[in-house]
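Contents: one structure, followed by commentary.
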Amino acid sequence: MPLCRRKRVLLVEPSPALLDAVKTDPNKEVFYLRQTGEIFETYDEYASRMSFYKVKQFQCEVTGKSGLDYFQALESEHQEARTMHSRFPEPLKGPVLKAVQWQVMGRLDHLVEAVYDRFKDRYFNGEKVLVDFQGEKYSAKVIKVFPPTKYPPRGADEDTGEKRASTSASPSESSLSPVSDEEPVHVVASDLKVSVKDSIVKDDPNMYVYRVQILEEEKSEKSKSAARDAMKSKMSGAIRDVQPSSLSRDRLAFSKSILRRFMRECVDRAPAVASPWTVKPSIAEKYGVSSIMPEETRKGVENLKNKEIEKRKKVWEDKEGPPSKKQKKPILGQEDNMRALADAAERREQEAKEAAEKKAREEEEKAKKAEEKIKKKPIRYPTEDLDVRLGDKEKKAGMKIKRPVPSRTALPFGEDRHTFEMFLMAWNFLVVYGQPLHLSSFTLDEFEHALQHPVADPACPLLGEIHSTLIYNLRTVPFVRHNAIMSLLDLKENIADGERPDDRIEDSFGVPIATLVDAVADVGNNWERVPLRATEGREGWEDALVGCLKDHADINKLPRLRAIFTQLLFSPESSREPSPSTSASPRAEATVTPLTRPSRPRERYHALPPRDRIAILAYMCNLAVSSKAIHMHMESCEENLTALRKEKIEVNRTKKAYLEEMEKLNAATNENDKATAANGTDGDAVIHESSELSDAPSDGGSDSGTASRRESKHRYQSLASARLKAKKKEEDRKHALAEHRRLDEEVNKLERRLEGIEREFRKLLGAIRVKPLGRDRFFNRIWWFDGMGSGSLLASGGSVQYGTGRIFVQGPSEFDAEILGRRDEKDVLERRFEEEGEEGMLGVGEWAVYNTIEEVDEFVAWLNPKGVRELALKNAFTKWWPHINPGIRKRMADLGANAKAVEARRSSRSKVAATDLSREPYMMWTNRRATNGS
C-alpha cells in the first residue's frame, strides 16, 4: 500500500447513505474511481480525492521511492511484486509460508532471519539450482530428494545413475516433466518452534542427497573456450546424485532481502499484543496453508498474550510506585531474608561499578578510534586552497610549482598606485556607460596615450569627446555656484591663520590665491549652456571644464584643485617647460617652473601632467554616477538581465527537447539498419529465385506447369511486396536523417544563442557591478575588464575586439588579508616565497599585470583545481578563454604593427612631429555615438 508521510493510505469507505441507497435506490448515480474502486456521492468528493491522489507526495512502500503520485506509487509496488514473485523459487513458497504461519515474533526481520537459517541449505523438488562439477557451475533442476534414511544403496544407484546419464542426454525427455507429489521433506526444519541446533540434530541437511538434471544452457555468441562449451553440451540433460555442498541458489532468487520482500507481501499481523504472523487468506488458499489455528497453537498464543500483559502491568505498577496498603510479610526467616537482600544489593552495586568502569574504557577507546579516523580521513576535493599541497606525483607530472611573476612596471602610470587605480576606474566607467554618455568605446592603450598627448595642435579628439560628454552629463547634477572659489578663499584664511601651510612648490606655482581666484572667476561662467558641438570639434570644452570644476569641486574633494586651476590659467614667462609626461611624478614636480603669465585653458591643457588629468576625470566620473541618465541605464540593465535569465532557461529547455528527439531518431535508425542487415540475404535470395523461375520454360498443358506458374506468381507478388516495404523503409530512413540534420542545425543555433546570451549577460552585469574572474590560493584577485557595458568582445562582422587585452592581478583585500593572517604566518610566508617568489608577492591592494598570452598560459597551468577558489577561477578562464586568448594576441599584434609604423615614420625626413602624432591610433579614434547636445 503506498505511503503518505510514512503512513499507509487507507481507501475511503462508502458513506452510510450510499450503503442504504443500495437497497432503496439501486439506480442512484454515483462517482466511481476506477483505479481504487472507491465510490463517492458528489463530484466535489470525487475531485477532492483525485486531486489528493495526483499530488506527488506518496512513497512506494517496497522500493522507498518518493516524490510519486498515488497511482505511480501503486504501479511501482505492483511491478516490484511481480518481479519478486517471478524470481523467488516457486517450490520454496509453500514450505516457507507453512513455516511462518502462526509464528509469534515481534519484528519481521527476526522472522526473516529464522526462516533464512532454516532453508538456506535445504532444497525441494522442482527447484532450479546451481551444481558445481569439477570447478564448473551448471544450471540444474531438482527432480528427487532423498532423506538420510531413504537413499538407495550406492552400487545400485551408480548403475542406475550411469544408465540414466547415458540414456537421458536430451533435455526434451520425460525426466524434465513435473514430478509427482511425494511425501513431505524437511519437516523438522519447517517447524520454527524447534531451535536450529535441535533441527540439525534431528534432521541434518548435509545428510540429504539430491537427484538433479542438468539443464541445457543457451550458447553465447562469443565463446572463450571450445572445450568448455563441448563439456557443457555433453553434460546437458545428464542426471546426477549430488550432496548439498555441491548445490547453491542464485543470489537473485533467494537472499534475505528478497525473502523479506516476499514475506512482507504474503503475511500480516494484527496490532494486538503478541499477535501471531498469519498468511493472507488468498495466498494461503493458493499454496495449501491451513487458515485454521490449531488448538495447541491457540493456547500457546493466549499464554504468551497473558504473560506479556502481566509483564507490562508489572512494569507500569513499578513505575507508578508501591501500593498504598502494606502487605504483611512472614516473620520466619526474616534475618536470612535481610542478609540475602544486603548481599544482593552489594552484588548489584559491585556489578554497576564494574559496568561503569567498562563503559568508561569503551568510551575512551571509541574516542581514540574516532580521533585516529579523523586524522586518517582522506581529504575530499575541492577543499580550502591553502590546505592543498603538491605531492611528489604532481611534481613529477610536471605541474608548475612557482607562479609566473606579473609585471608591476608594465602598468600604465604604475609608479603611482593611486593614479593607476583612478585611471583604470575612469576608463572602465567611460566604456561601461558609453551608451548613456553617447561615447564610443576605446581601448585602455588609446586612453593612456590620449592622457599623455603633449601638444595643443593637433588637438586630441578623444580628450575633447570624453570631457564634453561628462560636462553634458554633469549639467543634470545639482551644484553650488562658485563652490571652488569659496573653497579657495577658505584655504586662504586657513593659511593666513597658520592652520595650513602654503605649499608653494606643488600647488601654488608662485601664484597667490587671491590672483588665482580672480582668474578663475572670469572663466567658464556660462559652462552649463555652452553648445559643445561635435561638428565643430567640441570647441571650447577646456573653458567649460574650468567652469564645471568651479561649480562642482572643492579642495576637500579634489585636493589638487588649486594646482590644476593654476596650471590651466597661468603659463611660465619663458617658452621652455617640461612636458607633461616627464612631470607626472612628484619628484619631477618638485622643481617646477613658476607660472606668472595669465593664459587660457585651451592653450594650457596640454601642459597639465597626466596624474592631474586623471584626477579631473576620476572626480567627474564619480559625480556622473549620481546622474539621472546613469541611474536609468542601470535600471534598464537590471530588467534586461531578468529577461536574459528567462530566455536562457527557455533555450536550454528547447535544446534538451531537440537532443531527446535526436536520440529517439538515432535509436529508430539503428533498429531499422539492424533489421535490414538481418533480412538483406533473404531478400537477395528471393530475387534470385524469382528471376530463375521467370526464365524457366513450362508446359501449359500439364498440371505441374500450372502449379509452377502459380508458385511463380505468388513469389513475384511476395517480391513486389518486399520491394515496397524496402522502399518505404528507405524513405523513412532518409526522412529520419533529414530530420536529424535539421535538429542538429537547430541545436547549433541554440548553442550559438547561449554563447551570445553569456556575452550579453557579461555586458549588462558589468554596468551594475564589476566582479573579478576569481581569486587564487593566496587571495590575489584576478581581473579581466573586456566585454563589459558598451565594450563588446566581437565586432559586428564577428572579428575580435578588446578593451584592455591583458589580465590584471590585484593583491588581497584587507578582509582577505585578515583571513590569511589567521593561518600559521610562517607556513604561509614560506609557501608564498616558494610558490610566488619574493618579486611576485603582492601587498594589500597592490596591482600587477600579465601582458602576453604565454604568461597567462603559465598562470592558468599553475592553478590547482583541488582548491575551491582556484577551481572556480580555472573554470572562469575555461569559459572565457575563446575571448581572452584572441584579445591578448590582437593587442600584441597591434602594438607590434604600431612600433613598426613609428620606426618607419621616424626614418622618413619629410615628416614632421605633428604629422607623426596625427597618425597615432588614439588620434584616429572617432566617436560614432556623438551628439551635438544632451
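Below are the figures for this structure:
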| read-out | value |
| --- | --- |
| Computed over segment 3-46: relative contact order in percent, which uses C-alpha pairs under 8 Å that are six or more apart | 32 percent |
| Cα→Cβ-extended label distance, 7 Å offset, between residue 738 and residue 344, nm | 9.7 nm |
| Cβ-defined net charge surrounding residue 423, 11 Å radius [Lys, Arg +1; Asp, Glu -1] | 0 |
| Whole-angstrom gap from segment 115-149 to segment 610-653, using each part's C-alpha centre | 80 Å |
| J(HN,Hα) series, segment 59-69, from Karplus relation 6.51 cos²θ - 1.76 cosθ + 1.60, nearest Hz, glycine and proline x | 10, 6, 5, 7, 8, x, 5, 10, x, 10, 7 |
| Value of relative contact order over segment 764-890, rounded to a whole percent, pairs C-alpha under 8 Å and six or more apart | 30 percent |
| Summed residue charge, Cβ within 13 Å of residue 286's Cβ, Lys/Arg positive, Asp/Glu negative | 0 |
| Cα centroid separation, segment 830-887 to segment 705-753 (Å) | 58 Å |
| Among the listed pairs 197/311; 402/866; 664/874, those beyond 25 Å (Cα-Cα) | 197/311; 664/874 |
| Estimated vicinal HN-Hα couplings, Hz - segment 460-466 in sequence order (Karplus 6.51, -1.76, 1.60; Gly, Pro = x) | 8, x, 5, 5, x, 5, 5 |
| Two-site FRET efficiency, residue 669 against residue 85, from Cβ-Cβ distance with R₀ of 35 Å, rounded to 0.05 | 0.40 |
| Ordering of 819-827, 854-862, 528-536 by packing [mean C-beta count within 10 Å, highest first] | 854-862, 528-536, 819-827 |
| Added length on full extension, which subtracts the Cα-Cα distance from 0.36 nm per residue, residue 653 to residue 201 | 155.9 nm |
| Summed side-chain charge close to residue 847 - residues other than residue 847 whose Cβ falls under 14 Å, Lys, Arg +1, Asp, Glu -1 | 0 |
| Sequence-distant residues sharing a close amide H with residue 593 (under 5 Å, placed H) | none |
| Nonlocal Lys pairs with alpha-carbon distance under 20 Å, segment 3-81 (8 or more apart, or different chains) | 5 |
| Built amide H within the under 5 Å cut-off of residue 807, gap 5+ | 850 |
| Sequence ranges 919-926, 206-213, 474-481, 15-22, ranked by mean other-Cβ count within 10 angstrom, highest first | 206-213, 919-926, 474-481, 15-22 |
| 5 angstrom amide H check on residue 143, placed H, neighbours 5+ away | 126, 211, 212, 213 |
| Rel. contact order, % - alpha carbon contacts under 8 angstrom, at least six apart, segment 405-540 | 18 percent |
| Greater than 21 Å apart at Cα, pairs in 128/193; 141/280; 655/734; 93/144 | 128/193; 141/280; 655/734 |
| Cα-projected label distance for residue 749 with residue 144, points at 7 Å along beta-carbon direction, nm | 7.7 nm |
| Separation in nanometres of the label points that stand 7 Å from Cα toward Cβ, at residue 187 and residue 75 | 4.9 nm |
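Each reported figure results from applying straightforward, stated rules to the coordinates on display, with no laboratory input. Worth saying up front: this structure is predicted, and the values here are computed from it rather than measured. When we count neighbours, we look across all protein chains shown, and the Cβ atoms used for this are built from the backbone with ideal geometry, even at glycine.
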